[in-house]
Amino acid sequence: MLNYFRPKTINECLDYICDDRVYIAGGTDLLVEMKNGHDLSKNTVIDLTHIPELSGVKRENDEIEIMACTTHDNVVLNKDINQCLRALSSACRSVGSPQIRNMGTIGGSVGTASPASDPMPALMLADGRVVLINKKGETREEGLEDFIVKPGVTTLKNDEMILSIKVKSLKEYKQSFFKIGRRKALAIARLNFAMAILKNDDETIKDIKIVIGAALPVTKRFYDIEKMLVGKKLTEDLIEQVSKEISEQVLAIAGPRKSSEYKIPVIKNVVNSMLKEMEV
Amino acid sequence: MSLFEHNNNKYKVIGKDIKRIDALEKVKGTALYAADLYMDGMLYGGNVRIKEYPAKVTKIDTSLAKAIPGVVEIITCFDSRAKKHSWADYCYMTDEVKFCGDVVAIIAAESKKVLDQAIKSIKVEYELQKGVYTVEDALKEDAPIIREKGVGLVDGLPSREKKGNIFIDSYYPVRKGDVVEGFKNCDVIIEREYNVPFIDQAYIETEACLVYCDPKDGSITGESSAQNPFFTRRYLAEASGNTMSESRLIQRTLGGSFGGKEEGVGVQIGRAAILHKATGRPIKMVNSREESLMDSSKRHPFNFKYKIGATKEGKVLALEATLIDNCGAYNNQTQFMNWRSSVHSAGVYEIPNVKTDTFGVFTNNVHGGAMRGYSSPQVIFAQEQLMNELAKELGMDNVELRRKNIIRQNSRTATNQLITEEVILEEMMDELLNRSNYYNKKNEYEEFNKNSKSFKKGISLVTCFRGAGLGAEGIDANGAFVQATEDGSVIISTGLAENGQGLQTAFAQIAAEPLGITIDKIHFHSVDTHAIADSGMTVASRGTTMGAQSMKKAAERLALIIKEHVAKKFCTTVDKIDCKDNYYYVVDENFPSNYSNEKKVAFKDICNERMWGGEQLAVYEWFKPELNDYNHHTGQGKAFPTYTYNVCIAEVEVDINIGSVNVTKVTSGLDCGTVINPNTVRGQMFGGIVMGLGYAITEEIELNKGRILNDNFDSYILPTSMDIPEMDLVLFESITKEGTFGAKSVGEPSTEAVGAAIAGAVSHALNKNVDHLPCSLESILKYMD
Amino acid sequence: MTDCKLTINGKDYTLKVEEKWTLLYVLREVLGLTGTKEGCGTSDCGACKVLVDGKAVNSCSLLALKMEGKKITTIEGIGSSDKPHPIQEAFIEAGAVQCGFCTPGMIISTKALLDGNIDPSEEEIREGLSKNLCRCTGYVKIIDAVNIAAAKIKELK
């Protein structure tokens, strides 16, 4: 017997949380899992899609909060996101297709912890933090890099659920998101990239953020490279050096696996061309 | 000029853009596919498989499954009611699992959900055996022998003197002239090797069937998504133990097949029949996508090794090649298909000395079967890259090299067949070169590539031909039944099947033409093996070109009967009677419409009169083509009655930083002989281009020790609407005395050259020899290394 | 089994469903509405598309229970038995139907697209159809059909 609940408020929802809970929002990944043999009859299924407070985007100064059940499609259309974090709306636009975007949610995307997640690089670009709430109503925040442990695994406790994702506004930054897939629609990312740059008046870098997804088990942000670049000018030599360094870092972590043959040179090429474009 | 003219007045109905007669039910969602059928008391049938191969099953524990309420019957491979080998080499069930599709037990349950649960609860114990997964390994001296009937190599050629993994029935040599002498006279000789992978037909409808019995007489009926209803009937009869006349196969609306719904559908219906016999209840079986990918046949992978030589002026004098394909663990196609590969193994070129050897090898994998082209996409890919490499070596233009060597009227093919009919290939080439602005684009792209660091552009032209129908592979015979009724509407039946390609509409046009009636008066009765004689398979693009000959004959004979009736009525002779738009009339040039109203009568009125008068209103006809004179030992002789010629130009843009290939344009030219329905021909060509695009860029069955890793559409990549190029289609007509109303093949020619053209364009863009498919992200990056 | 009320093609159905039944399963196996097809079962091909509150979604990936209170339209609810919908007419006219298996899904996606945007560009049409796989037609005539349908619908207005 499957326990299925459809709460109408967050508080009602918290009451249902128990050890064997499974959350369903868009439901696409969940149902695919069911088809592949994951037997849900022992679980308590909590349908989150009838809780109005769990959907929507709020902006307060430099911080944007995206409620967990906001669909990818709504993120694409949202004014605040488009003004302040264009990379995220590009990323969400590239998820599957128009129809999956209707059903898939940001919370679901983060909770599933897939290495090839398209929104993830853009969320990490903006110092994304996940806000969690437990059965008792207590909340905690965690940076995405700490929240995602490995593919499919997060630090989400049994008595918790994802409330929202908070991101910083990067309104002044030049941003871009780039995805490599095997076809132009319905594609799982072979690699995805997000970058943002803010320059000083003298063209030196004031701040820069670089994230790469689908290359490693967890989407990775290159903080040390970012730090190194502050105050410098993006010359062709520096760009070459940085793209080489990043690709070598990935190789060092991933190891010489079969996919490295493709990914390492491509990472170098794409970082190179994205940085060049940022320069223009 | 042989360009097809739209709205020409050669025929009344042939060559017109008649709307598909089966479209309405499909847009409404009322067309019934096999999976849409339900019957009271019906049970759902399913399959149990293991995940490692090859293996010997030692024990199957069904206790848990049997205890689930709603599970009605479980038959394991050890059960006396189980049947093993089918007539066509594949197994219904087996304890000696050789590949991922092999089934070890079948189950019937009251609902889909119970069935799924039961399948998961079956425990199978097995002993893993040593397997062979690549052709290379299968040909080694010490390779495990997969099939009892496999043979080995002696002096590099398949021979019954030795045991091994070669499927000897699939060995076809071609020996024309003397290649040793030929090579001696060449100024330039090159050797190249090419490889292509398994790919899937990936029709959107998976295999499905419903099997039930007529309680009156015990005859068994199967309704199925069968491409070849008569072949499927054979499985039904065999598995149920009934005679052929007490086994009936009804073909349901088919959601695409492309060659794939033959053996997969056959073993499925056999399994359903076994369950039906055991339970006495109707059984429905529907494959999941994963099952379809595992169990159905695939396009054969090939390894090609070529040696080709030419004079410095570009005349090709000798070609030597081995074409080795991967049969998988079981096979009932390679022995026919390789004949076609061998006939076309020198491309559409007149080469005086040819020595090729084609043979298939067993491995513990999914099996190669029929997929749109039936070896042609593979062979053309390799052949055309080879020609481009030769041109490079000669310092010659690709197109000029082809021009120097293509077959023309009175040429002799690789099998020494004299081509007596007109060959419009050069005309087609020139038309397409002009339309696509080929040479300007070529220069523009080469110039662009010099300066561009990230993107490279390319353009390529390929030429090929295809023997129409079955040729000497089999007997292209077929039957048709045309039945007029008292109200002037007509029922037509044929043994050839609608796969979605528009066969129903084409056949309706072919019947309507001699009968002088409009299409809306015709009802196409889908294939029912009780209602019409075995007309062979709907394959080899033979449907219209050969398969409709009997329909034409039958319609013509009925038209003659009606004309005789009308002639008698108006006291004149048959040669003075004509028919059009549902009327028969006495021809009289004195009138603008060619007849006077006094001497005209409605078709329906004649039918009515004849029906009440006890006069014949229905005709059955059989067509059998002239036997081809072909020697299978030397691969010489008349292989096909006629050939379809094909030119394709593809343009690409490659991002060499990430390895992605964007196909920007495909210009496709097809010699249709006579265009029966331009709308459906164009539909086939558009679809064929996109299928060729998938073959060239994204499709590949990924295997690891016989296990398919990409078993659904998230990882088996088909092109979407966002991936299609600009497409320019050019339809040509040519004179042939073969083919129904002179129609040549369209179904396979519309796709077989596309992969080769795209690969050629990539090769041009990168200035590298593209030696395998697909041109995936990873492959492109490797070429650039 | 749980009580479930579904509104499909304007009609209310009160059913008992198992909690893990998908909408596709209920449509085909319980209600006999077989116009919606199953091509992959994993939300990758679009053959199972239906309209849910006007959006085109894959019914193979929706829990039936989740669909209470929503307005569902299947291919059977497009047009009527005596008068096909302009989109259906357009598909026939354009020659966009070959084997027909992807056709119901394509028509649903087309309706969702045109209901939101009666003047889509070629790019928007391609994107709107991008989650529906077709193996027969190469998509060209389906794109033509969408254009013809848009013109027909505009004329009717």
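Okay, here's what the table says:
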| item | result |
| --- | --- |
| Residue match in the stretch B:118-128 (condition: exposed (fewer than 14 other Cβ atoms within 10 Å of the Cβ) and in a loop (DSSP other than H, G, I, E, B)) | no |
| Looking only at the stretch C:135-157, and only at residues there that are over 13 Å from C:Gly95 (Cβ atoms) and in a loop (DSSP other than H, G, I, E, B), the one that is farthest from the other protein chains (Cβ to nearest Cβ) | C:Lys157 |
| Qualifying residue in the stretch C:90-99 (condition: assigned to a loop (DSSP other than H, G, I, E, B) and away from chain B (no Cβ under 11 Å)) | no |
| Flag for B:Val762 being more than 23 Å from B:Asn679 (Cα to Cα), more than 14 Å from chain A (Cβ to nearest Cβ) and crowded, with 24+ Cβ neighbours inside 10 Å | yes |
| Hey, A:Val242 buried (at least 19 other Cβ atoms within 10 Å of the Cβ) and at negative phi or not | yes |
| Where a residue in the stretch B:114-125 is touching a residue at least 60 places away in the same chain (Cβ under 8 Å) and its partner, wherever it lies, is assigned to a strand (DSSP E or B) and polar (S, T, N, Q), with Cβ under 7 Å and at least six apart | B:Glu125/B:Thr58 |
| Residue within the stretch B:525-534 that is charged (D, E, K, R), within 16 Å of B:Phe230 (Cα to Cα), surrounded by 24 or more Cβ atoms within 10 Å (Cβ to Cβ) and touching a residue at least 12 places away in the same chain (Cβ under 8 Å) present | no |
| Qualifying residues in the stretch C:55-67 (those that are modelled with pLDDT of 90 or more and either more than 10 Å from every other protein chain (Cβ to nearest Cβ) or out of contact with any helix residue (DSSP H, G or I) (no Cβ under 8 Å at 6 or more places or on another chain) (or both)) - the one surrounded by the most Cβ atoms within 10 Å (Cβ to Cβ) | C:Ser59 |
| Total residues in the stretch A:120-146, condition in contact with a Gly (Cβ under 9 Å, 6 or more places away or on another chain) and either under 18 Å from A:Cys69 (Cα atoms) or in a strand (DSSP E or B) (or both) | 7 |
| Residues within the stretch C:118-134 that are of a type in the set (D, E, K, R), in a loop (DSSP other than H, G, I, E, B) and at the interface with chain A (Cβ under 10 Å from one of its Cβ atoms), tallied | 1 |
| Single residue of the stretch A:40-63 satisfying the filter (surrounded by 15 or more Cβ atoms within 10 Å (Cβ to Cβ) and assigned to a loop (DSSP other than H, G, I, E, B)) that is nearest to the chain's Cα centre (by Cα) | A:Ser55 |
| Sole residue being in contact (Cβ under 8 Å) with a residue 40 or more places away in the chain and either of a type in the set (Val, Ile, Thr) or surrounded by fewer than 18 Cβ atoms within 10 Å (Cβ to Cβ) (or both), chosen from B:Tyr33, B:Tyr11, B:Tyr53 | B:Tyr11 |
| Qualifying positions in the stretch B:138-179 - among the charged types (D, E, K, R) and surrounded by fewer than 16 Cβ atoms within 10 Å (Cβ to Cβ) | B:Lys140, B:Glu141, B:Asp142, B:Glu148, B:Lys149, B:Asp155, B:Arg160, B:Glu161, B:Lys162, B:Lys163, B:Asp178 |
| Any hit, the stretch B:474-486, residues being within 14 Å of chain C (Cβ to nearest Cβ) and either farther than 23 Å from B:Gly222 by Cα or hydrophobic (A, V, I, L, M, F, W, C) (or both) | no |
| Qualifying residue in the stretch B:711-725 (condition: at the interface with chain C (Cβ under 10 Å from one of its Cβ atoms) and within 19 Å of the chain's Cα centre (by Cα)) | yes |
| Residues located in the stretch B:183-213, provided they are in a loop (DSSP other than H, G, I, E, B), away from chain C (no Cβ under 14 Å), under 21 Å from the mean Cα position of the chain (by Cα) and of a type in the set (A, V, I, L, M, F, W, C) | B:Phe198 |
| Residue that is farthest from the chain's Cα centre (by Cα) [pool: residues in the stretch C:52-63 that are in contact (Cβ under 8 Å) with a residue 40 or more places away in the chain and either more than 20 Å from A:Ala185 (Cβ to Cβ) or assigned to a helix (DSSP H, G or I) (or both)] | C:Leu63 |
| Evaluation of C:Ser81 against (1) surrounded by fewer than 24 Cβ atoms within 10 Å (Cβ to Cβ); (2) part of a loop (DSSP other than H, G, I, E, B); (3) at the interface with another protein chain (Cβ under 7 Å from one of its Cβ atoms) (one fails), failing number | (3) |
| Filter pass, A:Val57 being β-branched (Val, Ile, Thr), in contact with a Phe, Trp or Tyr (Cβ under 6 Å, 6 or more places away or on another chain) and within 30 Å of C:Leu65 (Cβ to Cβ) | no |
| Identity of the residue in the stretch B:255-294, farther than 26 Å from B:Met39 by Cα and out of contact with any Ser or Thr (no Cβ under 8 Å at 6 or more places or on another chain), that ends up modelled with the lowest pLDDT | B:Met294 |
| Qualifying residue in the stretch A:117-131 (condition: of a type in the set (Val, Ile, Thr), modelled with pLDDT under 95 and buried (at least 18 other Cβ atoms within 10 Å of the Cβ)) | no |
| Filter result for the condition that a residue is under 33 Å from the mean Cα position of the chain (by Cα) and within 14 Å of chain C (Cβ to nearest Cβ), over B:His85, B:His6 | B:His6 |
| From the options B:Thr664, B:Thr634, B:Thr642, residue that is within 14 Å of chain A (Cβ to nearest Cβ) and β-branched (Val, Ile, Thr) | B:Thr664 |
| Residues (touching a residue at least 60 places away in the same chain (Cβ under 8 Å) and either crowded, with 16+ Cβ neighbours inside 10 Å or closer than 13 Å to A:Pro52 by Cβ (or both)) located in the stretch A:12-26 | A:Cys13, A:Leu14, A:Ile17, A:Arg21, A:Tyr23, A:Ala25, A:Gly26 |
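A quick yes/no check of all residues on (1) within 14 Å of chain C (Cβ to nearest Cβ); (2) touching a residue at least 12 places away in the same chain (Cβ under 8 Å); (3) more than 23 Å from A:Glu248 (Cα to Cα); (4) out of contact with any helix residue (DSSP H, G or I) (no Cβ under 9 Å at 6 or more places or on another chain):
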{"residue": "A:Lys166", "(1), (2), (3), (4)": "no, yes, yes, yes"}
{"residue": "A:Arg183", "(1), (2), (3), (4)": "yes, no, yes, no"}
{"residue": "A:Ile188", "(1), (2), (3), (4)": "yes, yes, yes, yes"}
{"residue": "A:Met195", "(1), (2), (3), (4)": "no, yes, no, no"}
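Rundown of residues vs (1) crowded, with 24+ Cβ neighbours inside 10 Å; (2) in the same structural domain as B:His85 (by TED's automatic domain parsing); (3) over 20 Å from B:Lys84 (Cβ atoms), yes/no style:
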site: B:Leu254; (1), (2), (3): yes, yes, yes
site: B:Gly259; (1), (2), (3): yes, yes, yes
site: B:Glu263; (1), (2), (3): yes, yes, no
site: B:Gly266; (1), (2), (3): yes, yes, no
site: B:Ala273; (1), (2), (3): yes, yes, no
site: B:His276; (1), (2), (3): yes, yes, no
site: B:Gly280; (1), (2), (3): no, yes, yes
site: B:Ser288; (1), (2), (3): no, yes, yes
site: B:Glu291; (1), (2), (3): no, yes, no
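The values are calculated or read from the model by the stated rules, or taken from the named source; none is laboratory data. Just so you know, these numbers come straight off a predicted model, no measurement behind them. In this analysis, Cβ positions are derived from the backbone assuming ideal geometry, glycine residues included, and neighbour counts consider all displayed protein chains.
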